[in-house]
Amino acid sequence: MAKQKLRVAVIGAGGIFRGAHLPGWQKLADVEVVAVADIHRPTAEATAEAAGVPKERVFEDFTEMLRKVEVDIVDVCTPNKAHTPATVASLKAGAHVICEKPLAATPAEVNKMIQARDKAGKLLMTAQHKRFTPSARALKSYIEGGALGDLYYARAWAIRRRGVPGRDTFIVHDLSGGGPCLDIGVHCLDLTMHLMGCPKPVTVTGVAPMAMAGLSDVTGPWGPWDKQKYDVEDFAAGFVRFENGASLSLECSWLLNMKEREIFSAHLFGTKAGVQFPAAEFYTEKDGTLIDGQLVHMPQESGHENEIAAFHEAIVKGLPSPVPAEESLDVIKILDGIYRSHKSGREIKLA
Ligand SMILES: NC(=O)c1ccc[n+]([C@@H]2O[C@H](COP(=O)([O-])OP(=O)(O)OC[C@H]3O[C@@H](n4cnc5c(N)ncnc54)[C@H](O)[C@@H]3O)[C@@H](O)[C@H]2O)c1
């Protein structure tokens with residue numbers, strides 16, 4: 001008898017699911033996308049058609065979908081503020097969940113997800129696809145070999161000259177929970193902490209102003225945004241101290257008057273060497289000579305497809321979550337701490 005395929009449902013069938021997750025699921029022979037839920041019916045129907053899901057399994061209400069369709073995996077790709085209700089309901093329905101970044105906008109919401117995961121005994125993974133890029137994987141194994149010596153400082157940048165994602169999903173606080181700090185800061189912070197070996201954060205200080213997005217003469221090649229609706233920061237910076245003595249600085253912005261169009265990078269500095277993502281370069285010294293090097297033979301692979309494949313492998317082989325919610329909790333504590341520090345003007349204790 002043919003083995004039954006793993007049944008996947010999506011909640012939030014917009015840009016990231018259609019463009020990045022669906023191709024990942026479609027590459028897996030023993031997986032079938034069986035149901036689609038999206039509050040916007042035309043989006044749900046268009047994605048269902050692309051995924052080969054019949055009309056009777058298209059829903060506007062995800063709770064109805066979870067009641068009516070038996071699924072093994074739910075892929076949560078809603079705006080950030082809907083991640084928690086969708087994830088908790090899916091875990092309660094007995095599904096493994098992969099949820100887009102940021103796992104949630106606040107530590108309290110992440111804790112709710114962790115409780116639901118533990119009660120259900122299912123896997124929960126945050127879709128931090130940058131960890132699954134060939135460059136990040138190569139750097140991770142280089143660092144794990146001890147190449148950096150004592151790793152004492154890191155720098156995480158996700159900064160754009162002009163790059164506001166104009167959809168309500170991102171710029172309206174009730175949907176996103178925050179601006180670039182949560183949207184792209186979460187990517188570079190998660191990746192940098194992953195490469196550092198996930199040290200425990202103890203304090204953070206930061207700022208998160210809306211500096212430019214409301215100005216009438218600020219435009220951008222990504223298209224216009226509604227300046228009346230826009231109510232999140234457009235810039236954030238933070239400084240984090242870790243329990244092991246290391247520290248990290250973070251900068252994220254959708255609008256920064258700088259030369260480059262965009263910089264997404266992680267720099268790690270150790271006593272024996274430093275490394276840089278995404279170039280996968282290292283910088284060191286040997287016998288009195290300074291050396292720059294490059295990790296090579298990296299395959300051309302999509303981080304999104306690799307993350308879906310890693311989640312699938314964890315389910316099939318009974319492995320731990322490839323991006324555990326506990327690691328995301330520390331990341332969200334830091335980002336939430338930056339917002340709290342901005343409001344209070346003080347350093348925030350995290351542990
Ligand atoms: N990993 C990445 O690089 C990356 C890139 C873009 C977006 N994202 C993340 O993916 C998520 C979605 O972003 P997007 O770009 O696909 O946005 P999007 O606006 O294109 O899609 C979100 C979809 O969710 C639907 N939706 C909203 N509330 C819902 C609910 N309660 N139930 C069901 N559907 C609901 C909307 O109708 C919309 O179709 C966000 O959390 C975002 O941070 C990640």
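The values are calculated or read from the model by the stated rules, or taken from the named source; none is laboratory data. None of these values were measured; they are calculated from a predicted model. Neighbour counts are summed over all protein chains in view; Cβ atoms, including those assigned to glycine, are modelled from backbone coordinates with ideal geometry.
Could we say that Val240 is in contact with a Pro (Cβ under 9 Å, 6 or more places away or on another chain), of a type in the set (Val, Ile, Thr), surrounded by 19 or more Cβ atoms within 10 Å (Cβ to Cβ) and not in a loop (DSSP other than H, G, I, E, B) here?
In short, yes.
Only residues that are near the ligand (Cβ under 8 Å from one of its atoms) and basic (Lys, Arg): list them for the range 10-33, please.
Arg18
Considering only the range 298-325, state which residues are touching a strand residue (DSSP E or B) at 6+ places or on another chain (Cβ under 9 Å), closer than 20 Å to Lys27 by Cα and of a type in the set (A, V, I, L, M, F, W, C).
Ile308, Ala310, Phe311, Ala314, Ile315, Val316
Tally time: how many residues in the range 53-101 are within 14 Å of the ligand (Cβ to nearest atom) and of a type outside the set (A, V, I, L, M)?
Going through the range 53-101, the residues within 14 Å of the ligand (Cβ to nearest atom) turn out to be 58-66, 74-90, 97-101.
Within this subset, residues satisfying the condition of being of a type outside the set (A, V, I, L, M) are 59-64, 75, 77-81, 83-85, 87, 90, 99-101.
Result for the range 53-101: 20.
Of the conditions (1) more than 27 Å from Ala309 (Cβ to Cβ); (2) in the same structural domain as Thr84 (by TED's automatic domain parsing), Trp157 clears all except one; give me its number.
Of everything listed in (1) more than 27 Å from Ala309 (Cβ to Cβ); (2) in the same structural domain as Thr84 (by TED's automatic domain parsing), Trp157 misses just condition (2).
Hey, does the range 69-89 have a residue that's farther than 23 Å from Thr106 by Cβ, of a type in the set (Lys, Arg) and touching a residue at least 12 places away in the same chain (Cβ under 8 Å)? Spell out the reasoning first.
First, the residues of the range 69-89 that are farther than 23 Å from Thr106 by Cβ: 69-73.
With of a type in the set (Lys, Arg) added as a condition, the list becomes none.
No, that holds for no residue.
Would you check which residues across the range 58-68 are crowded, with 18+ Cβ neighbours inside 10 Å and over 24 Å from the mean Cα position of the chain (by Cα) and list them? Show your work before the answer.
Let us first name the residues in the range 58-68 that are crowded, with 18+ Cβ neighbours inside 10 Å, namely 58-59, 62, 65-66.
Passing the criteria: Val58, Phe59, Met65, Leu66.
Take the residues in the range 138-176 that are over 14 Å from the mean Cα position of the chain (by Cα) and within 10 Å of the ligand (Cβ to nearest atom), then tell me which one is nearest to Arg261 (Cα to Cα).
Pro165
Only one of these conditions is not met by Leu189: (1) of a type in the set (A, V, I, L, M); (2) in contact with a Phe, Trp or Tyr (Cβ under 6 Å, 6 or more places away or on another chain); (3) within 27 Å of Ala138 (Cα to Cα). Which number is it?
(2)
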